[in-house]
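Taking it in order: structure first as structure tokens, then the write-up.
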Amino acid sequence: MEIHEAMSICFKNDIKVYPVIDSKHSLKIEVNYKGKKKKGKQIFNVYNEQKELQKKMAELYFTLAKKIQG
């Protein structure tokens, strides 16, 4: 499965994964499922952890898409 396919499955089920500001120099990942928002615990540095943040968001999309598909 490609990332765009996993994202499409999630979007069709009203699931969105995106970064949110935690503090001046850090971000966390938030999952929005039909308006219910859940913020992750892992903190990503704004300046030097962008790749890790993107990788973790992709992992979440894949995991959620697989759960939806069964």
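Restricting to Cα atoms and excluding each atom paired with itself, what does the Kirkwood estimate give for the chain in Å?
Details: mean 1/r = 0.0803 Å⁻¹.
So the Kirkwood estimate lands at 12.5 Å.
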Completion exercise
K55 and E2 label points (each 7 Å along its Cα→Cβ direction) are spaced in nm at 2.3 nm
Problem - Burial ranking of peptide ranges 24-30, 46-52 (average Cβ count within 10 Å, highest at the top) - result: 24-30, 46-52
Completion exercise
Pseudo-spin-label distance V20 to N32, built 7 Å along Cα→Cβ, given in nm, is 1.0 nm
Problem - Entries of K24/K66; K37/K67; K24/K67; K16/K56 with Cα pairs more than 23 Å apart - result: K24/K66; K24/K67
Problem - Percent accessible area from carbon and sulfur atoms, the chain, protein chains only, probe 1.4 Å - result: 54 percent
Practice task
Taking the Cα centre of the chain as origin, work out the dipole magnitude from +1 charges on Lys and Arg Cβ and -1 charges on Asp and Glu Cβ, in debye rounded to 20.
Solution key: 340 debye
Exercise for the section: On a 0 to 90° scale, report how tilted helix 3-12 is relative to the longest principal axis of the chain, with both axes built from alpha carbons and the result rounded to the nearest 10. Expected result: 70 degrees
Fill in the blank from the handout: Restricting to aspartates and glutamates and to Cα separations under 12 Å from K36, and discarding same-chain partners fewer than 8 apart, the set is D14
Practice task
Calculate, for the chain, the solvent-accessible area per residue in square angstrom, rolling a 1.4 angstrom probe over the heavy atoms of the protein chains.
Solution key: 74 Å²
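Any chance you could run the full-extension gain for N48 through K12? It's 0.36 nm times the residue separation minus the Cα-Cα distance, nm to one decimal. Working shown, then result.
Values: separation 36, 0.36 × 36 = 12.96 nm, distance 3.21 nm.
Result: 9.8 nm gained on full extension.
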Problem - Whichever lysines have a C-alpha closer than 17 Å to that of K51, once near sequence neighbours (fewer than 8 apart) are set aside - result: K28
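The values are calculated or read from the model by the stated rules, or taken from the named source; none is laboratory data. Small disclaimer: the values here were computed from a predicted structure and weren't measured. Cβ sites come from the backbone with ideal geometry, for glycine too, and all protein chains shown count toward neighbours. Just so you know, the surface numbers come from the protein's heavy atoms only, side chains and all, with ligands and any DNA or RNA stripped out. Shrake-Rupley method; radii C 1.70, N 1.55, O 1.52, S 1.80 Å.
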